[in-house]
1. Where Lys and Arg each count +1 and Asp and Glu each count -1, what net charge lies around D:A203 among other residues with Cβ under 15 Å from its Cβ?
2. Along Cα→Cβ, 7 Å out, is where each label goes; now give me the distance between the ones at F:M253 and A:S6 in nm to one decimal.
3. Apply the a/c threshold of 1.5 to the C-alpha gyration tensor of segment F:125-222 and tell me whether it is rounded, prolate or oblate.
4. Extending each Cα 7 Å along its Cβ direction at C:K50 and F:Q127, get the distance between those two points in nm, one decimal.
5. Provide the solvent-accessible area of B:I105, counting protein heavy atoms only and rolling a 1.4 Å probe, rounded to the nearest 10 Å².
6. To the nearest 100 Å², how much accessible surface do chains C and B cover up together, summed over both, with a 1.4 Å probe?
7. With a probe of 1.4 Å, find how much accessible area segment E:142-228 has per residue, and write the answer as a whole number in Å².
8. May I ask you to order D:139-151, A:195-207, A:227-239 by the average number of other C-beta atoms within 10 Å around their residues, highest value first?
Number of protein chains: 6
Amino acid sequence: ELWWSSDGAVVELRWSCDGAQVELSEMVDCFNEITMNSDCRVVMLSGAGKLFTAGIDLTDMASDLLSPKGDDAARISWNIRRKVVKYQEAFSVIERCPKPVVVAIHGACIGAGVDLISACDIRMCTQDAWFQVKEVDIGLAADVGTLQRLPKVIGSRSLVNELALTARKMFADEAKSSGLVSRVFADKEAMMAGALEMAGQIAARSPVAVQGTKINLIYSRDHSVTDGLDYMATWNMSMLQTQDVMKSAQAAMEKKSPKSIVFSKF
Amino acid sequence: ELWWSSDGAVVELRWSCDGAQVELSEMVDCFNEITMNSDCRVVMLSGAGKLFTAGIDLTDMASDLLSPKGDDAARISWNIRRKVVKYQEAFSVIERCPKPVVVAIHGACIGAGVDLISACDIRMCTQDAWFQVKEVDIGLAADVGTLQRLPKVIGSRSLVNELALTARKMFADEAKSSGLVSRVFADKEAMMAGALEMAGQIAARSPVAVQGTKINLIYSRDHSVTDGLDYMATWNMSMLQTQDVMKSAQAAMEKKSPKSIVFSKF
Amino acid sequence: ELWWSSDGAVVELRWSCDGAQVELSEMVDCFNEITMNSDCRVVMLSGAGKLFTAGIDLTDMASDLLSPKGDDAARISWNIRRKVVKYQEAFSVIERCPKPVVVAIHGACIGAGVDLISACDIRMCTQDAWFQVKEVDIGLAADVGTLQRLPKVIGSRSLVNELALTARKMFADEAKSSGLVSRVFADKEAMMAGALEMAGQIAARSPVAVQGTKINLIYSRDHSVTDGLDYMATWNMSMLQTQDVMKSAQAAMEKKSPKSIVFSKF
Amino acid sequence: ELWWSSDGAVVELRWSCDGAQVELSEMVDCFNEITMNSDCRVVMLSGAGKLFTAGIDLTDMASDLLSPKGDDAARISWNIRRKVVKYQEAFSVIERCPKPVVVAIHGACIGAGVDLISACDIRMCTQDAWFQVKEVDIGLAADVGTLQRLPKVIGSRSLVNELALTARKMFADEAKSSGLVSRVFADKEAMMAGALEMAGQIAARSPVAVQGTKINLIYSRDHSVTDGLDYMATWNMSMLQTQDVMKSAQAAMEKKSPKSIVFSKF
Amino acid sequence: ELWWSSDGAVVELRWSCDGAQVELSEMVDCFNEITMNSDCRVVMLSGAGKLFTAGIDLTDMASDLLSPKGDDAARISWNIRRKVVKYQEAFSVIERCPKPVVVAIHGACIGAGVDLISACDIRMCTQDAWFQVKEVDIGLAADVGTLQRLPKVIGSRSLVNELALTARKMFADEAKSSGLVSRVFADKEAMMAGALEMAGQIAARSPVAVQGTKINLIYSRDHSVTDGLDYMATWNMSMLQTQDVMKSAQAAMEKKSPKSIVFSKF
Amino acid sequence: ELWWSSDGAVVELRWSCDGAQVELSEMVDCFNEITMNSDCRVVMLSGAGKLFTAGIDLTDMASDLLSPKGDDAARISWNIRRKVVKYQEAFSVIERCPKPVVVAIHGACIGAGVDLISACDIRMCTQDAWFQVKEVDIGLAADVGTLQRLPKVIGSRSLVNELALTARKMFADEAKSSGLVSRVFADKEAMMAGALEMAGQIAARSPVAVQGTKINLIYSRDHSVTDGLDYMATWNMSMLQTQDVMKSAQAAMEKKSPKSIVFSKF
C-alpha cells in the first residue's frame, strides 16, 4: 500500500508491505500521476512499517506466479512473461518519471525491495539497515530489475555477483563503502529529516534543470559518451532558453538562496 | 597446468604457472567440459604454486607471439590476430560457462593473471596478494581482456587507467576498497576455506536460479537496462516453471537449509 | 589561458581561469597539436591560479549562451546547439588525444572544471580540493560532459545523482573513496611532484603500448566486451609488430629501467 | 474514427479520417485490446473513406501542436515533447502488438498515413494508391515514425531521402518496385479480398509461431545478428514446447490444410 | 551430406539432403577447415540432389527437437536451447569464415535451406528455383537465422514479413527483383558455369583484399557507420602494408589480368 | 578540384578529377563552409569532366598511401591509419553537413567515386553511367565508406557483396532497380536540369524542416527505432516552434507554392 502526502513540491510516499503483497499497479498509477503533476518536483520514498520491505510473501507469490494457466508449456510461458513484464514495469516507471526519487531505507530491504531501490535515484539508509538479493534462495533469477540495475549502481562487480549468487546480507557500512547508498544515518528519525532536507534542496532548484539532469543521466547510462553528448546538446538547445537560468544566475549573483526563487511550473 | 578435483557439485581448479607458459587450450577444454557436466554447479579456481601467476614467461612469449610467419606485414598481422583471438578465447570461456567461478588469489597476480581474474565472477584474495597490469612494461597494450573487463569490474576509472598506464602494483587493501575483490583473508588457508564455503553456498542453491543469474548479469553488462529487462523476461518465461521454486519456497517456509534440497540435474 | 611547457616527453599544461572565461578554442588547438607532436608522450594538466577552476563566469556566460540570436525559437535553438557542441568539443579533444592526460586538482573544481577532469585519464588532488557539479544551481542540466562521463568514472550512482541534483560540494576524502581521484596529496607542491613522477613513468614506457592502451580503454567503455576484444585484436595485429616489445622485454630481462630504453617516435 | 469488426480470428479495423483529426488515443486502446484478446490472431487495417488518409487537418493541428502553453521556450518545448511522444505512441502500439497487422491502402496515403503504414507488418495497395511524406511541405521534419521506419522498410535510401525531402508523390508501381508494398491490386474490392485471404492464412497458422515470428522480426531489426540469434534461442526454448508443433507436423504429414487444425488460445 | 572438391583456390561444396537430415556438425567442421586452409580462397556451395533442399525431415526432427529430456519445463527448455544454439552455429560458421561463399540454388529451397542461403555472401538461382520460409507451417518461429538475416539481405520488409508469416512460395523472378539473389540462370548447368566463373574471379583477386572486404561488410551490417569506419581504419592500418597492392597495381598498369598475379598464401 | 557556384540557396559543386588526385582537404573545407553558410540550403554535386570520376590515380596513390614512413611495422601502421581516417573524413563531412546533397553522376563512377556518392543523400545518373567498386582489383578492401554505407543504401546484400568482391561494373538500369539511384536521365543535360529542379524544390522548403529531416534520417540509420523516435521528439520540441510551420501551413491553405514563402535564415 502506498501512502501519499504532498508538502508543496515534495511528494512523500510511504509503502507498507509487511506481510502483504506489493501492489504493483498502484506504483504505476502513482508515478504516472507524479509525472503529470507539475506541482511535484521531487519524490521521497520510505517504508511505513517496521521494515523497509519484507520481500515477496511466499504464499501470495505462489498463487500468482507459480500457477499460471495455459494449455501447454508455451502458453504457460507466455502468461508468465506477461506477469514478469508487468512486475518490471512497476519499478521502471520510477526511472521514466523525470522527477528525482530519494529513497530512505530502514531495517530489512529484501528481494523486491532491492529491485525497487535500484530504480531510485538517490539512496540513503539507517545504520541498522540491511540488504538481501533473496531470489536465488527461492529458485529464481531476480527478474524485476536487480540484475540489470544493481551492477550499474555500485562499483564492484565481484560484490554484485556475490550478493546475487549467495543471497548473503549486506549491512549499512558495506552499502556505503560499495556506493549502494550515498548516506547512512544513525536512526530512522535522523534519516527522514536528512531525506526531507535533501528533497527540499532538489525541489528548490529549477525544475527544468533538475528533470533535464535526471533524464540525461539515465540516457547516458545506456548509451555511449558520444551518443550521450549528442542527446544532451539536442535536449539543451531548447531547455537553455528557460527563464530559470537568468533567475538562478541573478539569485546567485545576489547571494540569495535558490529557495527564494519562484520558478514557473514545468 | 590445470589441476581438477571435484567434490560433489564444486569443481576445484588449481593452475600452476610458475615459470611455465599458460596452457590456454587446456582452459578452453576444461571449461567446455564443466559447461556440459550437469553435476558441476560452481567452480573454485586458485593458484597451485607459490604465486597465483608469475605472468607470461618472456622467452616463451617471444617465440610464440613475436616471431609470427608471413610473407608481408599484412600476412604477419593476420597470423598475430589469430593468436590473440585464441588467447582471448581462453578467458572468455570462463564467462560463457554458465556455472559461477570463484577465484582465490594469493601472492602475485600479474599480466595474464589479471586478464584471467577479470573474467571470473567472484574474486577474493589473501592479505599478501598484489596485482599488476604488467603489459605496458613490455611494450604491449593488454589484449586478452584486462582493458575490456577491468573497467567494468571496479568502480574507479582513474585507478584503472593508472594501473594500466603505469604498471604499478596494487595491494590487497586497495583491491578491496576499489572493489576488485569482495573479500580479503589473512592467509591462503583461511582464503581456501572461505572460498570453499562460498562455493558450497552457491552449489546448494537451485542451479536453474544460479546459472540464470550469471547469464543475465553478464548479458546486462553489455546491454541497456531496457534490453536487459526484456531478455530477463524472455529467459524467465520458461525458467520460472522449474520445480526448484516450489522446492526452495517450501524449504524456506519450513526453515530448512538450501543444502537439504535435492535439485534435479540442470 | 593555457600555459604550455614541455620537458622532453612530458607536456605540462596550466590553465588559468580565475575570473576569466575558459578559452575553449585554445583547448582544441592545444590538444590537436599534442596529438600530432610525436615528441609528446603524456600530458600533465593543472591549475595556474589559486583555484583549479572558479567555474564559468556568470556575466560572460550570459552574454555568450543566454543571448543567442535567431528569428524564432527554432533558430535560437539551432544557434544554442552549435555553441553547446563547441563547448563539448573542447573537452572531448582530451579523450580523442591518444596521449594520456594526468590532471592535478587543487582548491575548487567547479562546473566546467568537473566536465574537464571527467575527460582526463588519471585524476589526483590535494587534501584541500573540493568538487562541485554546479550547473543545477544556475538552472542548467550540465551539458559539457559531466552527466555523460562522471557516472562512468566513479562507482556510486547514488553519489553521482546526489552531486548533480543538489550541487553539494564533495571534498578530497570522498573524492578518493568514491574513485573520482586515485591519489590525494597533502598540498599542491607534493601533488605536482607526484603528478610529474607519474607522468614521467608513463612517458618512459613504449608510446605504442601507452597510446594503444588509452585508445582501447576508451573504446571499451562505449562498447560490449565482445566488441572491445574484437577491436583490440584488430588493433594489436599490427601494433604487436613494434620493436618496442623486444626492446622492453630485453630491458626487463636485463633488469634495466624502462627509462633507459630509447623508443622510436610514434 | 476506428471501425472494429471481428470475424473469428481476423479483426478488421477501418479508419476514417476524411476531414477529421486522427483519434490517436483510440489507436492505443484498440491495439491494447487486440493484444490482450486471445481470440484475435491477425489484424486487417484499411481506410473507410474515399481516401486511405487525407493527412493531418491543418486547422486542427494548428490548435493542437502549434499553440502549446508554457511560460518560456523551455516549458513550451516540454509540452510539445509530450504531445509528440503521444503521437508516436499511437503508431508504436501497432509494432508492440504481437498480432501481425496487414494494411490495405487505397487512394491517398499522406503524412500521418505514411507513419501509420510504416508501423504495420504487411502492406498492399490498389493501383490508384499514392503515397506522400508531406511534412516537409508544412515546415516539419516528420516526427511520428516515418523517418525512423521507412528507411528500414524499403530498400533504396536515395528514394527515401527524395520522398522525405521533396514531398513528391509516389504511385503504386514505384511503391511495389521499391518494396514499400508487397502486392498491388486492380481496385479496392480486389484488394480487400486479397487482404482478407492473406489475413485468413495467417490466422490459420499456430498463433505461437506467428506471434513469435513477428516479435523476433522486430527485435532483429534493431539488434545485431548475434543478438538476434541469442534472443531467438532464448525465446524458442519455451515456445518449441507447444503442442502446435506436433499438431502442425501431423496435419502436414496428413496433407491437411492448416485451417483444419484447432490451436489452443494464446 | 557435404561433398567437397577443390579446384585450386575454389572449394566446391555440394550438399545432399533429399530425405535426409541436415548434418549440421559436418558444416561446422567443413567451414572451420576452409577457414584454416590458406589455399582455399572462395567457396561455391550448391545442392547435389534434385532439389537444393527439401527442408527438415519431419520425422527426424520430431525425434530430435520435440522429445527433449528434462525433469521439469525449465530443464527441458535448457536442453532445447542448447540444440537451437547448435543449429544456429551450423550456419553462423559460414559468416565467420572469411572466405566468400557463393551459393547456387536450383529447385526447392525450403526451411533450413533459407536459413543457409541467408548466411552466404552471394546468391544466384535457376529460373525454376523457389523459396519458402516454411517454419510457420509447422508451428515454429524460424530460429536458425532466417528471421535475423533475411530482412538485412533483401530490401522489402513487407515482403519478408509476408514470406515468414504466410509461408508462401517465392519464385525466381521475385527473388531477383527483391534482391534475394543477384543473378538468375536458365538452368542448373548454366548456373554452375556462372557460379564457377564468379568464384574464379574472386579467387583471382588478392586474398588480403577479398577477405578484408567480407569481414568488414559483415562488421558494418551490425554496427553504426561511424563504428564501421573506425574498425575499417584499424583493420587496414596493417592490411594496406601487403605486397598485394603493389602487385595488383602493377598488373593493372600493365593491363594484365588479376589471374596472372601470384599472391602469397593468406 | 572543386568548382563552386551558388545560385541563391542552391550551391553547385563540380568536381574534376580526370587524371588528378582527389583533393580531399578541399572537400572538408568546402562542406564546413556550406554548413556554416546560412544562405545555402541544398548542394548539387556533379562531375566537371568527361567522367564522374576516374578513380584514384595509381601512381599518385602509390606515393601517398603505399610509402608511409615509420621505424617499424607498428609506426607505419599508425601513419597509414591517420591517412585513412583523413580520407574517410573527406566524405563523412557530406553526411555531417545538415544541408541535403543531390549528386548527379554521368559516365564512370569508380573507386573513390562510389565512396563519395554513398555519402550523398539523393543519387541520380545518366543512362550511360556505370559504377565500379574497384578496390579489390588493386589489393584493397575499400576503406573510405563504400563497405560501410553501400549496404545501407541499396536493398540487395547479394548484389553489394558481388560488386565489392568481384569489382564488376554496374550500369544505370541495375543502379535504378537496385535502388542505388532514384532517377535515371537520358543524358547529362537532362540530368543537370532534373537535379537543379529537385535541388530547387528542396531549397524552397523550410530549412528547419529540411535539415531536421536529413539529420534525423541519418540518426535513425545508426540507431534502433525506439532511440530514433526519442531523438526525434527531443529534436522537435524546439524545432516545431518555428514560424515556418505557420508560414508553410498558411501557404498550403492558400494553395501557394512553397517557393513563394520567405523563410528566415537558418
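The values are calculated or read from the model by the stated rules, or taken from the named source; none is laboratory data. Computed from a prediction, not measured in an experiment: that's the story for all the values here. When we count neighbours, we look across all protein chains shown, and the Cβ atoms used for this are built from the backbone with ideal geometry, even at glycine. To get the accessible areas, we keep the full protein, side chains included, count just its heavy atoms, and leave off ligands, DNA and RNA. Shrake-Rupley method; radii C 1.70, N 1.55, O 1.52, S 1.80 Å.
1. Numbers: positive: D:R41, D:K99, D:R205, D:K214, D:K259, D:K265, E:R168; negative: D:D7, D:E12, D:D39, D:D121, D:E197, D:D244, E:D137, E:E162.
With Lys, Arg at +1 and Asp, Glu at -1, the neighbours total -1.
2. Between F:M253 and A:S6, the label points sit 3.7 nm apart.
3. Details: a/c = 2.50, a/b = 1.37, b/c = 1.83.
Here segment F:125-222 falls in the oblate category.
4. Distance between the two pseudo-spin positions: 8.1 nm.
5. Spelled out: B:I105, probe radius 1.4 Å, area about 0 Å².
6. Details: alone 13960 and 13960 Å², together 24050 Å².
The summed interface area works out to 3900 Å².
7. On the way: 2260 Å² over 87 residues.
Heavy-atom SASA per residue in segment E:142-228 reads 26 Å².
8. Answer by packing, highest mean first, reads D:139-151, A:227-239, A:195-207.
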